[in-house]
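This report refers to the structure that appears directly beneath it.
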Amino acid sequence: MDSKVFTLESKDIAWCPGCGNYAILTTLKQVLAELKIPPQRLVVVSGIGQAAKIPQYFKTHYFNGLHGRALPPATGIKAANPHLTVIAESGDGDMYGEGGNHFIHTIRRNPDITNIIHNNMVYGLTKGQASPTSDFGFRTPVQINGVKMEPFNPIAVAIALDASFVARAFAGDSKQTKEILKAAITHKGYAVVDIFQPCVTFNKDNTYEWIKEHTYYLDASHDPTNRIEAFSKSLEHEKLPLGIFYIKKGKKTFEENLKIYKKNKKPLYQRQVNVSKVSHLITANK
Ligand SMILES: Cc1ncc(C[n+]2csc(CCOP(=O)(O)OP(=O)(O)O)c2C)c(N)n1
Ligand code: SF4
Ligand SMILES: [Mg+2]
């Protein structure tokens, strides 16, 4: 399949030249094409922000929700039709700040969706305030004396809560990002992929060069099924590891645990509603 099937010919893209979001968009389209996932079977869900504009640049089904609220509709869409590939995609502020509570409880719920977080360590859309992943000391027009908090560590939190797939990638390395996204999308269960995505306009600290200097790749000696080893890797901070930290296979998904699918596997949206059984609800709403 050609990745052009996901391209909207007429759409202008409102990102700055050099923004890391372009590489993520291109790589994701290539991955979906290589996995032969047609636009008709895909739903991209996001919240609000620069990263959250991504579904608007896709020729597919999408849901663009409120700030921080991508995960609940993504979970609901997958539950209503488990045959769909569902990708929830947003920025670090959207997913770990405003949507932080949903992030935590979606890990516990384990829907079979992929969550891609464009982590530029800043609020890009609202012009450069600190985000939960901004480094200690990061100066902004609001945090004029620098951030006085340690950054949120999404990888450590996800492993601590036993997420079923946890990885970190770098938008500047399309080859590795592609491999990670392929593994995440084909993984059964909630897959968290945090991607370092330089914001060339509002984050002059965590640039492409900074990320190259401050990261290294997990190699074949790392066992992603070893949770303790994965957690210990997630705490490294002088050089941040890139790659797949943790995979937990065989964990039941949210959809599998639902009573409505225990005996009947037919997707919820295809089932007939018995109007006589719900008519009291319709009347109550009048
Ligand atoms: C309830 C609510 N609070 C605040 C905002 C303003 N707002 C919009 S996007 C955003 C942060 C976006 O940062 P991030 O998720 O990191 O995305 P980026 O723009 O960096 O890709 C904020 C605070 C909003 N739209 N709604
Ligand atoms: S402000 Fe930053 S995140 Fe937004 S488009 Fe520009 S470079 Fe990208
Ligand atoms: Mg951001």
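The values are calculated or read from the model by the stated rules, or taken from the named source; none is laboratory data. Here the structure is a predicted model, which is why all the values come from computation and not from measurement. Note that each Cβ is placed from the backbone with ideal geometry, even for glycine, and that neighbours are counted across all protein chains shown. Note: areas computed on protein heavy atoms with side chains; ligands, DNA, RNA excluded. Shrake-Rupley method; radii C 1.70, N 1.55, O 1.52, S 1.80 Å.
Explain nothing, just the number: dipole magnitude of the chain about its Cα centre with +1 on each Lys and Arg Cβ and -1 on each Asp and Glu Cβ, in debye rounded to the nearest 20.
Rounded to the nearest 20 debye, it is 1640 debye.
How fast does the range 97-136 diffuse by Stokes-Einstein, in µm²/s, taking the Kirkwood radius from C-alpha pairs at 25 °C and 0.890 mPa s?
In µm²/s, the coefficient rounds to 209.
Which residues' amide hydrogens lie under 5 Å from the amide hydrogen of Val200, considering only partners 5 or more residues apart or on another chain, with H built in the peptide plane?
Those qualifying (amide H under 5 Å, at least 5 residues apart or on another chain) are Gly20.
Excluding residues fewer than 8 places away in the same chain, name every one of the aspartates and glutamates whose C-alpha is closer than 18 Å to that of Lys262.
Asp112
How long are the semi-axes of the ellipsoid equivalent to the range 144-286, from square roots of 5 times the Cα gyration tensor eigenvalues, in whole Å, largest first?
So the three semi-axes of the range 144-286 are 40, 21, 15 Å.
Taking a threshold of 26 Å on the Cα-Cα distance, which of the pairs Lys36/Lys266; Lys53/Lys233; Lys78/Lys127; Lys182/Lys259 fall above it?
From Lys36/Lys266; Lys53/Lys233; Lys78/Lys127; Lys182/Lys259, over 26 Å: Lys53/Lys233; Lys78/Lys127; Lys182/Lys259.
Under 18 Å Cα to Cα from Lys239, which aspartates and glutamates show up? Leave out anything in the same chain fewer than 8 places away.
Output for Lys239: Asp135, Glu150, Asp173, Asp194, Asp205, Glu209, Glu213, Asp219, Glu229.
Quick check: convex hull of the Cα atoms in the chain, volume per residue, rounded to a whole Å³?
Expressed per residue, the convex hull around the Cα atoms of the chain is 157 Å³.
Under a plain spin-label model, where a point goes 7 Å from the Cα along Cα-to-Cβ, how far apart in nm are Gln176 and Glu213?
Taking the two extended label points, one gets 1.7 nm.
So, with a 1.4 angstrom probe, what is the percent of accessible area on the chain that is carbon and sulfur?
Whole-percent figure for carbon plus sulfur exposure: 57.
Tell me the volume per residue, in Å³, of the convex hull enclosing the alpha carbons of the range 20-86.
Roughly 75 Å³ of hull volume per residue.
Viscosity 1.306 mPa s, temperature 10 °C: what is the translational diffusion coefficient of the range 75-202 from Stokes-Einstein with a Kirkwood Rh over Cα pairs, rounded to a whole number of µm²/s?
104 µm²/s
In sequence order, what are the phi-derived ³J(HN,Hα) couplings for the range 130-138 according to the Karplus relation 6.51 cos²θ - 1.76 cosθ + 1.60 with θ = phi - 60°, rounded to whole Hz, with x for glycine and proline?
Per residue, the Karplus-derived 3J(HN,Hα) values read 5, 10, x, 9, 4, 5, 4, x, 4 Hz.
Could you give the Stokes-Einstein D for the range 1-152 in µm² per second, using the C-alpha Kirkwood radius, 25 °C, 0.890 mPa s?
It comes out at roughly 152 µm²/s.
What FRET efficiency comes out for Asn81 versus Glu34 if R0 is 22 angstrom and r is the Cβ-Cβ distance? Round to the nearest 0.05.
0.45
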